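Below is one structure, written out as structure tokens, with a few remarks after it.
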Amino acid sequence: METVTIQNLSAYNKQDVLLKGWVYNIRSIGKIWFVILRDGTGLVQGVVLKGEATDKTFAMEQDLNREDAVIITGMVRMDPRSVGGYELAIREIQVVSHVSEEYPISPKEHGTDFLMTNRHLWLRSKRQHAIMRVRHQTVKAIRDFFDSQGFTLIDSPIFTGNAVEGTTTLFALDYFERSAYLTQSGQLYQEAGAAAFGKTYCFGPAFRAEKSKTRRHLTEFWMVEPEMAYCNLDENMDWAEKLVCFIVNRILETSEVELDILERDMSFLERIIAPFPRITYDEAVILLVDQGTDFKYGTDFGAAEESLISEQFNQPVMIHRWPAEIKAFYMKRDDINEELALGVDMIAPEGYGEIVGGGQREDDLEILMNRIRHHDLPMEPFKWYLDLRKYGSVPHAGFGLGLERTVAWLCGTKHIRETIPFPRTMTRLEP
Ligand code: 4AD
Ligand code: MG
């Protein structure tokens with residue numbers, strides 16, 4: 001008999017199949033009982049009926065527990081009332097391993113802290129499973145996008161000798177006889193990559209010693225970072241817009257079942273369409289003041305301001321040309337106003353906050369050295385980076401898209417810790 005997966009059951013209507021999985025739930029209505037089986041690809045209801053099932057299997061009802069590992073044989077039957085449209089008329093259940101203790105995660109309400117402590121088990125539940133599948137599809141969409149647009153994957157290192165995004169969020173570690181840091185961003189290496197390959201990207205974990213406990217911050221998160229040679233700020237925004245549209249469309253195509261489980265209102269995603277509004281920082285500040293806030297010009301937007309701005313548009317909003325003082329050392333200044341940096345943040349709709357940060361890079365050697373000094377950064381670890389301005393420097397730009405914040409928005413999940421398999425925060429290192 002063929003071993004099949006739940007997600008492919010529709011190809012086996014009226015056929016006998018074998019499924020390998022775990023007991024998700026059991027319920028009984030007397031002469032007939034049901035077992036919900038999960039196999040990692042989905043859930044299916046199995047019906048155990050006297051006569052259809054072997055006597056031994058029919059008698060198993062009291063002995064089966066949640067999360068028992070089981071191999072089941074039975075016949076696939078179309079059933080429009082069932083989740084997935086099919087059910088399984090069970091013939092035989094073989095128990096591979098039996099759970100003798102009560103499973104910690106019951107259908108009743110649990111606090112998030114308890115669930116996170118049991119994250120290794122929580123991943124099996126329907127919602128978490130759906131979120132991880134959307135994450136998987138998002139990663140694939142991102143790779144497919146860049147791979148189809150002439151980008152070369154250039155992995156940036158994780159151990160680095162210098163800061164990228166300011167020294168306050170660096171994780172330092174002993175590295176033989178010197179100190180090293182976990183990377184905050186692979187950008188500087190992508191700049192080397194773009195000068196070698198034209199268009200590159202890296203996609204991996206980034207680390208920030210964020211002492212913030214907000215629902216948008218992790219200490220370890222994943223970021224995709226494209227970098228393009230001969231690219232200015234406007235073209236950079238075009239790329240960010242194209243990428244986000246591509247991801248949204250792909251998720252709408254591939255993840256309807258998951259979004260349905262998550263009760264995500266798909267119309268919020270269906271209406272995402274380019275071009276996204278592009279406003280300057282100055283315009284954003286005017287907008288905030290018009291809304292009655294007492295926002296101070298020259299500071300960064302917090303979650304409240306981002307939400308207020310995004311509420312004005314039903315699309316992701318790109319905010320560009322920021323006060324240089326609050327942006328990183330590598331940002332190029334605006335020709336028209338030296339006080340402004342050619343940076344861009346993309347704010348997701350519905351209050352999900354900043355999902356993209358990037359901009360055009362300073363390409364002049366002297367100016368860049370001055371900026372490094374101005375930011376009190378040591379020159380030595382940037383020697384190689386400065387070389388990029390000595391040998392064939394060109395206008396170039398790029399950005400970083402945070403995977404978890406993007407997935408949170410796609411799924412409509414308020415807290416990003418649910419969008420990564422094993423979240424790392426200030427207070428959580430296990431499991
Ligand atoms: O805006 P950020 O700090 O930009 C950079 O790191 C640039 N060097 C990227 C580049 O131009 N190549 O981070 C980019 C994105 C943010 O918009 C956000 O989505 C995500 O990374 N991010 C975080 N996600 C979760 N937890 C954190 N602590 C995050 N910090 C940034
Ligand atoms: Mg940012």
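The values are calculated or read from the model by the stated rules, or taken from the named source; none is laboratory data. All values reported here derive from a predicted model rather than from experimental measurement. Every residue, glycine as well, gets a Cβ built from its backbone with ideal geometry; the counts of neighbours run over all protein chains shown. Only protein heavy atoms, including side chains, enter the accessible area calculation; ligands, DNA and RNA are left aside. Shrake-Rupley method; radii C 1.70, N 1.55, O 1.52, S 1.80 Å.
Points to keep in mind about this one:
- Within the range 154-192, considering residues that are within 16 Å of ligand 2 (Cβ to nearest atom), at pLDDT 95 or above and in contact with a helix residue (DSSP H, G or I) (Cβ under 7 Å, 6 or more places away or on another chain), the one farthest from LEU401 (Cα to Cα): LEU188
- Output for the range 51-65, where each listed residue is touching a Phe, Trp or Tyr at 6+ places or on another chain (Cβ under 9 Å) and either outside the structural domain of ASP79 (by TED's automatic domain parsing) or open to solvent by 60 Å² or more (accessible area, probe 1.4 Å) (or both): GLY51, GLU52
- Taking the range 240-249 as the range and being in contact (Cβ under 8 Å) with a residue 24 or more places away in the chain and surrounded by fewer than 22 Cβ atoms within 10 Å (Cβ to Cβ) as the test, the residues that pass are GLU241, LYS242, CYS245, PHE246.
- Selection status of LEU37, open to solvent by 30 Å² or more (accessible area, probe 1.4 Å), of a type in the set (A, V, I, L, M), touching a strand residue (DSSP E or B) at 6+ places or on another chain (Cβ under 7 Å) and touching a residue at least 24 places away in the same chain (Cβ under 8 Å): no
- Single residue of the range 137-153 satisfying the filter (more than 13 Å from THR406 (Cα to Cα) and in contact with a helix residue (DSSP H, G or I) (Cβ under 6 Å, 6 or more places away or on another chain)) that is most open to solvent (accessible area, probe 1.4 Å): THR152
- Any hit, the range 292-302, residues being within 13 Å of ligand 1 (Cβ to nearest atom) and either surrounded by fewer than 19 Cβ atoms within 10 Å (Cβ to Cβ) or outside the structural domain of VAL134 (by TED's automatic domain parsing) (or both): yes
- Residues in the range 4-18 that are part of a strand (DSSP E or B) and open to solvent by less than 40 Å² (accessible area, probe 1.4 Å): VAL17, LEU18.
- Residue in the range 277-294 that is within 16 Å of ligand 2 (Cβ to nearest atom), part of a loop (DSSP other than H, G, I, E, B) and modelled with pLDDT under 95 present: no
- The residue that is nearest to ILE416 (Cα to Cα), among those in the range 193-229 that are away from ligand 2 (no atom under 16 Å from the Cβ) and among the aromatic types (Phe, Trp, Tyr), is PHE203.
- PHE207 being within 26 Å of GLN360 (Cβ to Cβ), in contact with a Pro (Cβ under 9 Å, 6 or more places away or on another chain) and surrounded by fewer than 22 Cβ atoms within 10 Å (Cβ to Cβ): no
For every residue, the table says whether it meets (1) open to solvent by less than 70 Å² (accessible area, probe 1.4 Å); (2) closer than 28 Å to TRP122 by Cβ; (3) part of a strand (DSSP E or B).
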| residue | (1), (2), (3) |
| --- | --- |
| MET1 | no, no, no |
| LYS20 | no, yes, yes |
| VAL44 | yes, yes, yes |
| LEU49 | yes, no, yes |
